[in-house]
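The values are calculated or read from the model by the stated rules, or taken from the named source; none is laboratory data. Computed from a predicted model, the values in this text were never measured in an experiment. Methodologically, a virtual Cβ is constructed for each residue, glycine included, from the backbone with ideal geometry; neighbour enumeration extends over all protein chains shown. The area values use the complete protein model at the heavy-atom level, side chains included, leaving out ligands, DNA and RNA. Shrake-Rupley method; radii C 1.70, N 1.55, O 1.52, S 1.80 Å.
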Amino acid sequence: QVQLVESGGGLVQAGGSLRLSCAASGRTFSNYAMGWFRQAPGKERQFVAFIGMSGATTYADSVKGRFTISRDNLESTAFLHMNSLKPEDTAVYSCAARAYGGSTYFYDYNYWGQGTQVTVSS
């Protein structure tokens, strides 16, 4: 089992920045790819970014150039740095872990955190 706990969400004005953290425990963190997904009210869960075990990254087109995913294996933590935030980025952001490499599909992930709310005001 892997336990994931997100933090760092909040209310920010458009154009602002936030850094989300995802602290993992329970298994060897470096053996998992880490993904971030988001879900806005009334909308489907949406892929944001993932980082593989090797550190390779993939981003959704909607966040490319504004968001950066990273990981610290010594601290067993993944991060999502969000810059130039837009009102349409408002959602609950959740991190997820996958044992066999990153994926853009939420159903490929084995473990999930509880989510953290990000609200961007215009």
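Quick notes
- Working note: Karplus 6.51/-1.76/1.60 with θ = phi - 60° gives segment 92-98 the couplings 8, 9, 10, 9, 8, 10, 9 Hz, where Gly and Pro are set to x.
- Computed about its Cα centre, the charge dipole of segment 1-108 is approximately 40 debye, with only Lys, Arg, Asp and Glu carrying charge at their Cβ.
- For the chain, share of DSSP beta bridges that run antiparallel, in % to the nearest 5: 90 percent
- Solvent-accessible surface of the chain, taken per residue with a 1.4 Å probe and all protein chains present: 51 Å².
- Inter-probe distance in nm under a simple model that places probes 7 Å from Cα toward Cβ, at residue 11 and residue 30: 4.2 nm
- Surface share of carbon and sulfur [accessible, 1.4 angstrom probe, percent] for the chain: 48 percent
- Dividing the mean sequence gap of close Cα pairs (under 8 Å, 6+ apart) by how many residues the chain holds gives a relative contact order of 37 percent.
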